[in-house]
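Undergrad: The structure's right below; bear with me while I get my questions together.
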Amino acid sequence: MAKVVITNRIPAEGVALLEAEHDVTVWDEAECISRETCLELIAGADAVVTLLTEKVDDEFLDAAGDQLKVVANVAVGYNNIDVAACEKRGVVATNTPKVLTETTADTAFGLMLMATRRFGEGERVIRSRTPWQWGMFYMLGMGLQDKTIGIVGAGQIGIAMARRAKAFGMDVIYTDAREMEASAAAELGAKRVDMDELLATADVVSLHCPLIPAGQDGATHHLIDAAALARMKPTAYLVNSARGPIVDEAALVEALKKGEIAGAGLDVFEDEPTVHEGLLDLDNVVLLPHLGSATVETRTAMAELAARNALAVLRGEAPETPVTS
Ligand code: DGY
């Protein structure tokens with residue numbers, strides 16, 4: 001039996017798969033595990049199942065020890081893992097793509113509707129008991145029909161978001177280092193443009209790219225900075241359901257305050273769970289606490305996939321969804 005450590009609560013179905021074959025320790029508390037406790041808990045583990053709140057770096061790998069074979073992240077994004085450091089030590093890293101595609105696209109689409117139709121703002125009026133009255137010009141938003149969505153990152157989630165947008169009558173443009181899957185591009189009538197054209201043309205800019213640190217190839221850290229925001233139309237909206245640091249939050253606050261863009265919908269933040277104070281005071285931004293993949297079905301599927309990945313590596317087999325640097 002191998003020693004498996006799960007660094008945070010995950011759905012029971014994933015834990016059960018692991019427990020059927022191995023000795024499993026779970027950090028079973030509502031709060032995230034502290035770094036110190038995590039490093040103690042993983043000592044001697046053959047497999048660690050991590051969440052995006054755990055930083056897997058040299059310190060983590062040292063604490064686990066040389067016997068560690070696999071780090072199975074329960075997330076599609078794996079910017080919390082230093083994959084190159086894992087590779088150097090022969091540790092396999094895995095993520096959970098595909099199973100959360102539709103759910104995350106639902107979240108992005110929900111943010112777009114909430115921001116463009118001012119649903120969050122409307123709800124706050126009622127909850128704060130502010131007097132209101134139906135009016136011809138009261139709280140008008142922007143309709144989506146015949147508008148253009150600009151998808152930044154045309155992977156599975158970007159395509160799923162584009163499908164939803166297309167069903168609502170939007171035109172689709174996208175930017176990505178690679179062409180969108182040909183069948184999806186044809187179905188969506190999606191046109192590939194460069195980032196500058198996308199920013200200048202889109203009525204909604206929706207982010208679906210991975211977070212790649214500054215200085216690395218294809219870096220996306222602060223991809224949306226003051227200059228990018230200034231290129232957007234004053235009537236346009238920004239949606240971020242990818243990773244917080246892709247957007248320079250301080251620059252976004254300024255752009256929203258000055259009316260350089262019309263609004264934003266954010267599910268992720270630069271320094272989670274802290275949210276920039278400036279955002280909290282603004283009405284033209286919708287804020288969600290990183291709910292991208294948060295459905296019972298999807299989180300169960302993510303836990304099961306992560307468990308299958310860890311089990312495969314422990315059996316000496318190839319995992320379903322490895323990641324490489
Ligand atoms: C992911 O899988 O990367 C999500 O952000 C977690 O919900």
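Undergrad: Could you check, for segment 153-164, whether at least one of its residues is at pLDDT 95 or above and farther than 19 Å from Ser241 by Cβ? Spell out how you get there, then give the answer.
TA: Step one: of segment 153-164, the residues at pLDDT 95 or above are 153-164.
Cutting the leftovers down to farther than 19 Å from Ser241 by Cβ gives us none.
Looking through segment 153-164, none of the residues is at pLDDT 95 or above and farther than 19 Å from Ser241 by Cβ.
Undergrad: Take the residues in segment 144-164 that are among the aliphatic types (A, V, I, L, M), surrounded by 24 or more Cβ atoms within 10 Å (Cβ to Cβ) and in contact with a strand residue (DSSP E or B) (Cβ under 9 Å, 6 or more places away or on another chain); name whichever of them is farthest from Leu111 (Cα to Cα).
TA: Ala154
Undergrad: Somewhere in segment 11-30, is a residue part of a strand (DSSP E or B), of a type outside the set (A, V, I, L, M, F, W, C) and closer than 24 Å to Ala318 by Cβ?
TA: Here is the first cut: in segment 11-30, the ones part of a strand (DSSP E or B) are 23-26.
Adding the requirement that they be of a type outside the set (A, V, I, L, M, F, W, C) leaves 23, 25.
Filter once more, keeping what is closer than 24 Å to Ala318 by Cβ: 23.
Yes - at least one qualifying residue is present in segment 11-30.
Undergrad: Kindly indicate the residue of segment 80-100 that is of a type in the set (Val, Ile, Thr) and assigned to a loop (DSSP other than H, G, I, E, B) and also nearest to the ligand (Cβ to nearest atom) among those meeting that condition.
TA: Let us first name the residues in segment 80-100 that are of a type in the set (Val, Ile, Thr), namely 81, 83, 91-92, 94, 96, 99.
Adding the requirement that they be assigned to a loop (DSSP other than H, G, I, E, B) leaves 91, 96, 99.
On the way: Val91: 20, Thr96: 6, Val99: 9 Å.
Filtering first and then ranking leaves Thr96.
Undergrad: Say we look at segment 274-298 and pick out the residues that are within 13 Å of the ligand (Cβ to nearest atom) and free of Cβ contacts under 8 Å to residues at least 24 places away in the same chain; which of these is farthest from Ile157 (Cα to Cα)?
TA: The residue in question is Pro289.
Undergrad: Determine which member of the set Ala318, Ala312, Ala306, Ala301 is within 19 Å of Thr96 (Cβ to Cβ), without any contact (Cβ under 8 Å) to a residue 12 or more places away in the chain and surrounded by 14 or more Cβ atoms within 10 Å (Cβ to Cβ).
TA: Numbers: Ala318 fails: surrounded by 14 or more Cβ atoms within 10 Å (Cβ to Cβ); Ala306 fails: without any contact (Cβ under 8 Å) to a residue 12 or more places away in the chain; Ala301 fails: without any contact (Cβ under 8 Å) to a residue 12 or more places away in the chain.
So the residue among Ala318, Ala312, Ala306, Ala301 that is within 19 Å of Thr96 (Cβ to Cβ), without any contact (Cβ under 8 Å) to a residue 12 or more places away in the chain and surrounded by 14 or more Cβ atoms within 10 Å (Cβ to Cβ) is Ala312.
Undergrad: Which residue out of Asp267, Asp271 is more than 19 Å from Leu198 (Cα to Cα) and either free of Cβ contacts under 8 Å to residues at least 24 places away in the same chain or surrounded by fewer than 18 Cβ atoms within 10 Å (Cβ to Cβ) (or both)?
TA: Working: Asp267 fails: either free of Cβ contacts under 8 Å to residues at least 24 places away in the same chain or surrounded by fewer than 18 Cβ atoms within 10 Å (Cβ to Cβ) (or both).
Exactly one residue qualifies, and that residue is Asp271.
Undergrad: Filter segment 48-79 down to the residues that are part of a strand (DSSP E or B) and within 16 Å of the ligand (Cβ to nearest atom) and list them by number. Break it down into steps so the answer makes sense when it comes.
TA: Step one: list which residues in segment 48-79 are part of a strand (DSSP E or B), which gives 48-50, 56, 70-73.
Of everything in segment 48-79, those that are part of a strand (DSSP E or B) and within 16 Å of the ligand (Cβ to nearest atom) turn out to be Val49, Thr50, Val56, Val71, Ala72, Asn73.
Undergrad: Do the conditions hold for Glu123, that is, is it in a loop (DSSP other than H, G, I, E, B) and of a type in the set (Asp, Glu)?
TA: Answer is no for this residue.
Undergrad: So which residues in segment 248-289 are among the aliphatic types (A, V, I, L, M) and either part of a loop (DSSP other than H, G, I, E, B) or out of contact with any Leu (no Cβ under 7 Å at 6 or more places or on another chain) (or both), if there are any at all? Before the answer, list the steps.
TA: First, pick out the residues of segment 248-289 that are among the aliphatic types (A, V, I, L, M): 250-253, 255-256, 261-262, 264, 266, 268, 275, 279-280, 282, 285-288.
Scanning segment 248-289 gives Ala250, Ile261, Ala262, Val268, Val275, Leu280, Leu282, Leu288.
The values are calculated or read from the model by the stated rules, or taken from the named source; none is laboratory data. Values in this document were obtained by computation on a predicted structure and should not be read as measured data. Positions of Cβ are backbone-derived with ideal geometry, glycine not excepted, and every protein chain shown enters the neighbour counts.
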